[in-house]
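Visitor: Have a look at this one before I ask anything.
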Amino acid sequence: MFSPTRTHIGSVAVRDIAKQFGTPTYVYDEATIVKKINDLKVFDVTRFAQKANSNIAILDLVRRNGVLVDAVSAGEIHRALTAGFKPHGATKDAPHPIVYTSDIFDREALELVLKHDLHVNCGSPDMIEQYGRRKPGGNITLRINPGFGHGHSQKTNTGGEQSKHGIWHEQLNEVLVLADRHGLTVTGLHLHIGSGTDLEHLSQVCGSMETLAKQVGRTLTTISAGGGLPTIYKAGDTYVDVAKYYDLWNASRQRLEKEFGHKLTLELEPGRYLVAESGFLVAEIRAIKQMGKNTFYLLDAGFNNLARPILYGSHHPMSIVPGPLDSNEPQHGTRPMVDAVVGGPLCESGDIFTQGEGGFVITRNLPQAQVGELLVLECAGAYGFAMGSNYNSKPLAAEVLVRGDKALQIRARQSLEDLTRGETIPTA
Ligand SMILES: *Cc1c(COP(=O)(O)O)cnc(C)c1O
């Protein structure tokens, strides 16, 4: 399914995008995101974990396709509102368009939540206390750590004793008493045990949900299965069977509905599943050099643009766009393949896109390339731009949305002036 060469993203030529917007540039294919949204339509509510990709054009796109949103910070609340999400649903019983989920309230987030009267998903007893003191009598959701977790990396495992996330399952009764003391009603229960989980681990969560939900009781109106739906990063990776996954959750939901005697809304909270495959980081090869037996392709994009390989040893498919940017000579014939190390421009030896977990440099079998050709890092739409930084004083990349036959800029590349904005040399 992944090809070592690529000429187009959607129906737009990659070279045209690079010529128009420069490199490095993130490109998202709108049709892929819409398809992913439709895959999950069987769930009552799909709530996008926007931390995966929070560009307001992406938020607007998912919103127009019926998706609600999760916010984990004041900044993400601001983005959701800017993209057109309303603080409240059309009716009292409609699902909350925006839910604030975190393990803490920083002061700014708490003020913003109160100002817009947003629903909160509390991941610590302190959150309940701080919220309850300011808004007694409200409704809350509890995020519970069920005592086990799973993730594609130790860093993305969000359950178990080593995780900082959620309220420890054995403390549920205690926090129900705490909520009561503030007149808070627990209307939602939320479990998110990690990213890149498989069906077996995901189904384990259903069992926990039932046990915990019965402990909370009839005030519940919503249960959330969290995110963590795996997506495909290399040949051999598999999706979960969404229909089977839904069946497991729906069975739990129905048992709980029977117990409570009323309907429950079933939410799913995917991040990467909706956006990972839609995204491409387009970079230019600026140097090719030989270090002993290793061939290095060095790009104008580094871990300042895409941090997942250096953070998690993540694999991203790569492809070469044939033909140097500043030549229009047609490219003929097939090319030999070479094993190359692919790295970026940063003054840091870890700035390598081909590395395994633990930072071991590995090679990738890629077409023989020339300086001036484009290399595309694929499946980069989730936790790509969103984790970008200005390290080495590199401006943040441009972002472009492919809609039909058009490539639309959704974020301008930062300028050099942007880099020093807000900094001052004191005169005193
Ligand atoms: C990160 C996160 C998600 C999304 O995880 P994915 O692996 O991207 O699906 C969902 N819910 C919560 C609470 C999260 O922190």
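Visitor: Take segment 366-394 and flag every residue that is in contact with a His (Cβ under 8 Å, 6 or more places away or on another chain) and more than 15 Å from residue 3 (Cα to Cα).
Guide: Step one: filter segment 366-394 for residues in contact with a His (Cβ under 8 Å, 6 or more places away or on another chain), giving 377-380.
The one that is in contact with a His (Cβ under 8 Å, 6 or more places away or on another chain) and more than 15 Å from residue 3 (Cα to Cα): 380.
Visitor: Oh, and also: Within the bounds of segment 220-240, is there any residue that is among the acidic types (Asp, Glu) and touching a residue at least 12 places away in the same chain (Cβ under 8 Å)?
Guide: no
Visitor: Looking only at segment 162-185, count every residue that is in contact (Cβ under 8 Å) with a residue 12 or more places away in the chain and more than 25 Å from residue 272 (Cβ to Cβ) and tell me the total.
Guide: So the count comes out to 16.
Visitor: Can you tell which of 67, 45, 34 is closer than 30 Å to residue 299 by Cβ, under 22 Å from the mean Cα position of the chain (by Cα) and either touching a residue at least 60 places away in the same chain (Cβ under 8 Å) or away from the ligand (no atom under 16 Å from the Cβ) (or both)?
Guide: Working: 67 fails: closer than 30 Å to residue 299 by Cβ; 45 fails: closer than 30 Å to residue 299 by Cβ.
Just one listed residue meets the conditions, 34.
Visitor: A follow-up question, please. In segment 164-185, is there at least one residue being more than 14 Å from the ligand (Cβ to nearest atom), among the aromatic types (Phe, Trp, Tyr) and modelled with pLDDT of 95 or more?
Guide: Yes: segment 164-185 contains one or more residues that are more than 14 Å from the ligand (Cβ to nearest atom), among the aromatic types (Phe, Trp, Tyr) and modelled with pLDDT of 95 or more.
Visitor: For residue 312, indicate whether it is of a type in the set (Phe, Trp, Tyr) and at pLDDT below 95. Don't jump to the end; show me each part of the working.
Guide: Numbers: of a type in the set (Phe, Trp, Tyr): yes; at pLDDT below 95: yes.
Yes, satisfied.
Visitor: Give 325, 306 a once-over and let me know the one that is farther than 20 Å from residue 389 by Cα and of a type outside the set (Val, Ile, Thr).
Guide: 325
Visitor: Do we have any residue at all in segment 220-239 that's more than 15 Å from the ligand (Cβ to nearest atom) and surrounded by 21 or more Cβ atoms within 10 Å (Cβ to Cβ)?
Guide: For segment 220-239, residues more than 15 Å from the ligand (Cβ to nearest atom) and surrounded by 21 or more Cβ atoms within 10 Å (Cβ to Cβ): present.
Visitor: Related question: Filtering segment 266-294 down to residues that are more than 16 Å from the ligand (Cβ to nearest atom) and either of a type in the set (D, E, K, R) or in contact with an Asp or Glu (Cβ under 7 Å, 6 or more places away or on another chain) (or both), which residue is nearest to residue 29 (Cα to Cα)? Talk me through it step by step, then tell me what you get.
Guide: From segment 266-294, those more than 16 Å from the ligand (Cβ to nearest atom) are 280-294; that's our starting set.
Next, from what is left, pick out any that are either of a type in the set (D, E, K, R) or in contact with an Asp or Glu (Cβ under 7 Å, 6 or more places away or on another chain) (or both): 280, 283-286, 289, 293.
Numbers: 280: 8, 283: 17, 284: 20, 285: 23, 286: 26, 289: 33, 293: 37 Å.
The extreme case among them is 280.
Visitor: Step by step: first the residues of segment 376-418, then only those that are in a helix (DSSP H, G or I) and away from the ligand (no atom under 16 Å from the Cβ), then the one that is nearest to residue 15 (Cα to Cα). Which residue is that?
Guide: Once the filter is applied, the top-ranked residue is 416.
Visitor: Taking into account only those residues within segment 281-306 that are over 17 Å from residue 366 (Cα atoms) and touching a strand residue (DSSP E or B) at 6+ places or on another chain (Cβ under 7 Å), which is surrounded by the fewest Cβ atoms within 10 Å (Cβ to Cβ)?
Guide: If we take residues in segment 281-306 being over 17 Å from residue 366 (Cα atoms) and touching a strand residue (DSSP E or B) at 6+ places or on another chain (Cβ under 7 Å), then 300 is surrounded by the fewest Cβ atoms within 10 Å (Cβ to Cβ).
Visitor: Could you check segment 75-95 and list, in sequence order, the residues that are surrounded by 17 or more Cβ atoms within 10 Å (Cβ to Cβ), more than 16 Å from the ligand (Cβ to nearest atom) and among the aliphatic types (A, V, I, L, M)?
Guide: Those that are surrounded by 17 or more Cβ atoms within 10 Å (Cβ to Cβ), more than 16 Å from the ligand (Cβ to nearest atom) and among the aliphatic types (A, V, I, L, M): 81, 83.
Visitor: Six or more apart or on different chains, Cβ atoms under 6 Å: show the pairs whose first residue is in segment 1-15 and on the phi > 0 side of the Ramachandran plot and whose second is among the aliphatic types (A, V, I, L, M) and assigned to a strand (DSSP E or B).
Guide: If the second residue must be among the aliphatic types (A, V, I, L, M) and assigned to a strand (DSSP E or B), the pairs left are 10/402.
Visitor: Look at residue 329 and say whether it is among the acidic types (Asp, Glu) and surrounded by 14 or more Cβ atoms within 10 Å (Cβ to Cβ).
Guide: Against the criterion (among the acidic types (Asp, Glu) and surrounded by 14 or more Cβ atoms within 10 Å (Cβ to Cβ)), residue 329 does not qualify.
Visitor: Mind checking which residues of segment 48-58 are more than 13 Å from the ligand (Cβ to nearest atom) and touching a Gly at 6+ places or on another chain (Cβ under 8 Å)?
Guide: none
Visitor: To continue, here is another question. When only residues in segment 365-385 that are under 22 Å from residue 347 (Cα atoms) and buried (at least 18 other Cβ atoms within 10 Å of the Cβ) count, which is nearest to the chain's Cα centre (by Cα)?
Guide: 384
The values are calculated or read from the model by the stated rules, or taken from the named source; none is laboratory data. Just so you know, these numbers come straight off a predicted model, no measurement behind them. Methodologically, a virtual Cβ is constructed for each residue, glycine included, from the backbone with ideal geometry; neighbour enumeration extends over all protein chains shown.
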